[in-house]
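Student: Let me give you the structure first, and then I'll get to my questions.
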There are 2 protein chains.
Amino acid sequence: MKLQFLDMGTVTSPRGFLAGAVIREGLGLGILFSEAACRAAGLFTRNQIKAASVKLSQRRLEEGRARAVVVNRGCANAGTGEKGMADAEEMAHLAATKLNLPPEEVLVASTGVIGTYLPLPQIRQAVEEVELSSEGGHEFARAILTTDRVPKEAGMTLELGGKRVVIGGVAKGAGMIHPDLATMLCFLTTDAMVEPAFLRQALKEAVDNSFNLITVDGDTSPNDTVVILANGLAGNPVLTADSPDGARFREALKEACLQLAQLIAQDGEGATRLIEVQVEGALSLEDARLAARTIASSPLVKAAVYGSDPNWGRIIAALGRSGARVEESKVELYLGQLCLFRGQPLPFDREEASRLLSRERVKFRLCLNLGEGKATSWGCDLSPEYVTINSAYTT
Amino acid sequence: MKLQFLDMGTVTSPRGFLAGAVIREGLGLGILFSEAACRAAGLFTRNQIKAASVKLSQRRLEEGRARAVVVNRGCANAGTGEKGMADAEEMAHLAATKLNLPPEEVLVASTGVIGTYLPLPQIRQAVEEVELSSEGGHEFARAILTTDRVPKEAGMTLELGGKRVVIGGVAKGAGMIHPDLATMLCFLTTDAMVEPAFLRQALKEAVDNSFNLITVDGDTSPNDTVVILANGLAGNPVLTADSPDGARFREALKEACLQLAQLIAQDGEGATRLIEVQVEGALSLEDARLAARTIASSPLVKAAVYGSDPNWGRIIAALGRSGARVEESKVELYLGQLCLFRGQPLPFDREEASRLLSRERVKFRLCLNLGEGKATSWGCDLSPEYVTINSAYTT
């Protein structure tokens, strides 16, 4: 059985996962819970200013176990010192009591305004009100959104060791997106049985190839979190790096992350288009990633795409400053099938170029002709609405 | 005699410098000329995609001499391959013929759209029409502007070895500003007599402390150029790194660059306010510069300033991702005199904060309390107009 995407797949699609949420003005609160014990792994922001929730979840994942996540939207609980940490512990404790779990098995995540304290009285009440169900993934996905316009959910199924295994996930993120090791918030679940070290390794690889290649605005948040819970209810033989199905699981996890990552890039604050930048022929994989990510995050490239302006010189300029090795005379630049530059400017059909720039997904391809490195990055265009949204976020 | 700023100081304020320009729809062309032989030094973009004009001027400055600069606005002559280089040489040649100089003594600079060829017929005609005069600096400054709203000029006088010495300068730049070794375009002149190695060293130091600390949008252009011409007509004893007046000359040059750099940041595309970020107590000078520059270039900080929104958490978040060493519990953040954060959020007067954020110059100060490193960076706010300008630059 090949990898199959699920219609309406979400974080509760795998067996034994329940979720629920409360959504009201100024507060969203979601709980994700596994009926069975889980192996768990997480990746977190590299920002040195870490939200209290990040520090707490990071610590709790050291043992590689967790059974629940409680998430709030509206307050990031970052830049909040010792009180922030006590509040995060309190929030985990509230969920643990409700779920009858030791607090050590509950992870916490927060997203929203930085530098304000958690609204604990409202959170206390909301935790009580949450109703968990195996259909609750969709509501959970909606509860954690901030400036996102649409929920981000994915699900897929594959056969591993004769058993049908399901992977589900939800993510949020629309601004402060320039992940370095992780993204805003992403929660992945699977009923596969996975050896902990392999689970962590597969997650790292999936994130490097997805969330770490998207960008909205170049700002890395203090709250970036990707967590995976694996409860083993599918009954497959334990997956390890060496097991025959290991590669397929890795591939499936990467696909799930890729789908969620692209949904985030597409829903960037104020965005009207998804920008895809493929870089080939770089001297190394690292160079390819650097070049692709730099171009996708250039405000000038993004603004030109917003205006459907074929101002391709900005792409070449961003490439040149990216730090990736470049030889101008060898560079080729394509917009869709249109070649715009091959060591020098080529004549091109401007109307056709503008048409390609007006599509929902705008694709640039660069051949550096220096080596074998290739990577793709995703971003979004930059609209006046981005500024409007972000000029009045707390007021 | 202390350092004195000149009213209406410009690039022709020092003795023996003439300039002139032609300004018309789509084309600006300026020529700067020294009546006497000059020592010259330059700093150029680190972007690997370099404009033909940059490559040519860089080569010509290897000998440390030049007597004229010809600059066009409208076309950057970048990403233009071999033809672009031939065109740059042709442009220098045209000016050399007019000025009766060997072409090797003429530098070239270009700014405008990347990836199109120089309009040589128009340039040929414009070079012929330019009239040089000792008052021509102001017109030269206007001729090289692209999306800049105002010309950027500076002049100052000081006494060195009993002689009155003048330093003048003009700059342009409003977008693609995130200099790495240099800025958009800046031409400095002085009638001081300066030893070539010291001239280069003083220029590097001045640029590191000024142009390299400003940012508009994080994009480094292929055309960044800072050039200084010193014709020695003031008759002072030759300045060297060891001469008693060396430090005063360095200081004066830095002041001239600082003034021009701040004018650029203030006139950033769409900008309504200058943002000044002072970082103190960093572990090192490099850390201080990194932190200050990262905060001043954060699109989310910039958008919050545009909206006078005291969303200071974004400043802490940008600090945390800057790469500079940070300990959250030691960080203090001030907006003007208002302390917003000291390891944890402090209560503050939101109305007063919004008022401070509405000033023409918005000042943030961060004390990291880790060491002695300090630096100041300048940027501008991010407005919807930035996007509007940049979404239709070539169309």
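Student: Using a 10 Å cut-off on Cβ atoms, rank the peptides A:318-331, B:159-172 from the highest mean neighbour count down.
Tutor: Values: A:318-331: 20.6, B:159-172: 22.9.
Ranking the peptides A:318-331, B:159-172 by packing returns B:159-172, A:318-331.
Student: Follow-up. Hey, if you put +1 on the Cβ of every Lys and Arg and -1 on every Asp and Glu Cβ in chain A, which of A:Leu101, A:His178, A:Val166 ends up farthest toward the positive end of that dipole?
Tutor: Checking the options against the dipole of chain A, the answer is A:His178.
Student: Under 16 Å from a point placed 7 Å out from the Cα of A:Asn100 along the Cα-to-Cβ direction: which residues of the range A:27-41 have their backbone N that close?
Tutor: A:33-37
Student: Quick one: of the DSSP bridges fully inside chain A, what percent are antiparallel, nearest 5?
Tutor: Working: 56 of 79 bridges.
Bridges in chain A are about 70 percent antiparallel.
Student: As an exercise, take the mean of 1/r over every pair of distinct alpha carbons in the protein assembly as shown, invert it, and state the Kirkwood radius in angstroms. Each step should come with its number before you reach the end.
Tutor: Details: mean 1/r = 0.0361 Å⁻¹.
Radius from the Kirkwood sum: 27.7 Å.
Student: So, one more: With each label point set 7 Å from Cα along the Cα-Cβ vector, what nm distance links B:His93 and A:Arg149?
Tutor: 5.4 nm
Student: Kindly flag which residue pairs out of B:Lys50/B:Lys83; A:Lys172/A:Lys302; B:Lys50/B:Lys363 have an alpha-carbon separation exceeding 23 Å in this structure. Can you show the working numbers first?
Tutor: Details: B:Lys50/B:Lys83 14 Å; A:Lys172/A:Lys302 21 Å; B:Lys50/B:Lys363 34 Å.
Where the Cα-Cα span goes over 23 Å, the pairs concerned are B:Lys50/B:Lys363.
Student: With chain A treated as a Gaussian network of Cα nodes joined by springs under 10 Å, which of A:Gln259, A:Gln122, A:Gln201 yields the largest mean-square fluctuation?
Tutor: A:Gln122
Student: Further question: Using the crude model of +1 on Lys and Arg Cβ and -1 on Asp and Glu Cβ, and no other charge, please compute the dipole size for the protein assembly as shown relative to its Cα centre, in debye to 20. Please list the in-between numbers first.
Tutor: Details: 84 positive and 96 negative charges, 77 e Å.
So the dipole magnitude of the protein assembly as shown works out to roughly 380 debye.
Student: Residue by residue through B:288-298, how many Cβ atoms from other chains fall within 10 Å of the Cβ on average? Walk me through the numbers on the way to the answer.
Tutor: Values: counts 0, 0, 0, 0, 0, 0, 2, 0, 0, 3, 5.
Neighbouring Cβ atoms belonging to other protein chains average 1 per residue here.
Student: For the range B:278-333 and the range B:54-115, what is the separation of their Cα centres, given in Å?
Tutor: About 39 Å separates the Cα centre of the range B:278-333 from the one of the range B:54-115.
Student: Sort B:359-368, B:58-67, B:296-305 for me by packing, meaning the mean count of neighbouring Cβ atoms within 10 Å per residue, highest on top.
Tutor: Working: B:359-368: 17.7, B:58-67: 16.2, B:296-305: 27.4.
Top to bottom by mean Cβ count within 10 Å: B:296-305, B:359-368, B:58-67.
Student: For the Cα atoms of chain A, what angle does the longest principal axis make with the long axis of helix A:81-99, in degrees from 0 to 90, nearest 10?
Tutor: Taking the Cα atoms of chain A, the angle to A:81-99 is about 60 degrees.
Student: Semi-axes of the equivalent ellipsoid of the range B:274-391: what are they in whole Å, largest first, if each equals the square root of 5 times a C-alpha gyration tensor eigenvalue? It would help to have the intermediate numbers written out before the result.
Tutor: Numbers: eigenvalues 102, 59, 25 Å².
In descending order the semi-axes read 23, 17, 11 Å.
Student: Next question. Let me know the Kirkwood hydrodynamic radius for chain B, please, with Cα pairs as the basis and the value in Å to one decimal. Before the final figure, lay out the partial values.
Tutor: Values: mean 1/r = 0.0466 Å⁻¹.
Evaluated on chain B, it is 21.4 Å.
Student: If you take every residue apart from B:Asn231 with its C-beta less than 15 Å away from the C-beta of B:Asn231, what net charge results, scoring Lys and Arg +1 and Asp and Glu -1? Write down the numbers at each step before the final one.
Tutor: Working: positive: B:Arg15, B:Arg39, B:Arg65, B:Arg67, B:Lys163, B:Arg164; negative: B:Glu35, B:Glu105, B:Asp191, B:Glu195.
Net charge in that neighbourhood comes out at +2.
Student: Let me ask something additional. Taking every residue in A:318-327, how many Cβ atoms of other protein chains lie within 10 Å of its Cβ, on average?
Tutor: Details: counts 6, 4, 12, 14, 4, 2, 1, 1, 3, 2.
That works out to 5 on average.
Student: Would you mind telling me which residue in B:Gly281, B:Gly343, B:Gly42 has the biggest mean-square fluctuation in a Gaussian network model of chain B, where springs connect alpha carbons within a distance under 10 angstrom?
Tutor: So, out of B:Gly281, B:Gly343, B:Gly42, the one fluctuating most is B:Gly343.
Student: What's the FRET efficiency of B:Glu35 with B:Glu372 using the Cβ-Cβ distance as r and R₀ = 41 Å, to the nearest 0.05? It would help to have the intermediate numbers written out before the result.
Tutor: Working: r = 46 Å, r/R0 = 1.12.
The value I calculate is 0.35.
Student: Which residue, A:Glu139, A:Glu153, A:Glu351, tops the fluctuation ranking in a GNM of chain A built on C-alpha contacts under 10 Å?
Tutor: Top of the fluctuation ranking is A:Glu351.
Student: Using a 10 Å cut-off on Cβ to Cβ distances, tally the other chain neighbours for every residue of B:149-159 and report the average as a whole number.
Tutor: On the way: counts 0, 0, 0, 0, 0, 0, 0, 0, 0, 0, 0.
Per residue, the average neighbour count from other chains is 0.
Student: Treat every Asp and Glu Cβ in chain A as -1 and every Lys and Arg Cβ as +1, leave all other atoms uncharged, and give the resulting dipole magnitude about the Cα centre to the nearest 20 debye. Could the numbers behind the result be given before it?
Tutor: On the way: 42 positive and 48 negative charges, 72 e Å.
Dipole about the Cα centre, nearest 20: 340 debye.
None of the figures in this text is laboratory data; all of them are computed from the coordinates on show. On a predicted model such as this, the values are computed, not experimentally measured, just so you know. Note that each Cβ is placed from the backbone with ideal geometry, even for glycine, and that neighbours are counted across all protein chains shown.
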